[in-house]
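A short worksheet on the structure shown next.
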């Protein structure tokens, strides 16, 4: 065992398999807890391990159902705080409400800031998150935030595939910096798709800046939600003579009509990480070529470094 019992890792209900994989990597047992529900639907959580004076981590993505998983995280944090844990870190592989990070019209909330306040008030001393959609969300928290990126895991996977004649395509202009980093990491060319949003659910790719004819394509993003942008871009590059098309994303939200759109699009493979577990519906669609990559090693290394008060940023050099 690499650690004494001063390190405790607990799991919420959204990421049980990921939490188990992290504990397996660190060679420690998963912390004991009981998550129950009262007859009226209220959640009840009891931590069954002694946590007084311990360094505690709670792994919980606030994915679908978002509000339920968020409330569960808040109860967990309050439970550990009242049980006298020395330090509490909220490990949030996927941070729900991250896209509500600004007032883009009148009379709307900045819900990402609200959620950050709730997590701090509930008892978190620090946060460990992966791809917060916008890096400035770290400033929404008044506690330390360690921000990891699924880019490390995804780029390693696609590098190992040794895709020849590669062009990394940004599915929209706002994703250009990320696409540029992938192109540098993988040694590919760079192209950009200009899109027009018709509505909140419908996106149309209109033009490509760069060469895609006869090239194998990789499109990467932090989130695949409804898959409208990436599928529209995939159809356009295929019409322009592209070869194989690969898609990578840290968070596979895959909401709404995402699965149907992916099935209909000319995409050869979609790679996502396990920050969000695949739903039973996704698993049942065996025709979809969706590859799930684990972030357990990256999270485990980050937790180890936080526990030992070591640099987390140096972790980026190991992938």
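The values are calculated or read from the model by the stated rules, or taken from the named source; none is laboratory data. Note that the structure is predicted; figures quoted are calculated from it, not measured. Cβ: placed from backbone, ideal geometry, glycine included. Neighbour counts: every protein chain shown.
Among the strands (runs of 3 or more DSSP E) confined wholly to the range 1-68, which include 1 or more residues that are touching a residue at least 60 places away in the same chain (Cβ under 8 Å) and in contact with a helix residue (DSSP H, G or I) (Cβ under 7 Å, 6 or more places away or on another chain)?
7-11, 55-59
Residue 131 is checked against (1) at positive phi; (2) modelled with pLDDT under 95 and fails just one. What number does that condition carry?
The failed condition is (2).
Taking the range 204-245 on its own, how many of its residues are touching a strand residue (DSSP E or B) at 6+ places or on another chain (Cβ under 8 Å) and farther than 22 Å from residue 277 by Cβ?
28
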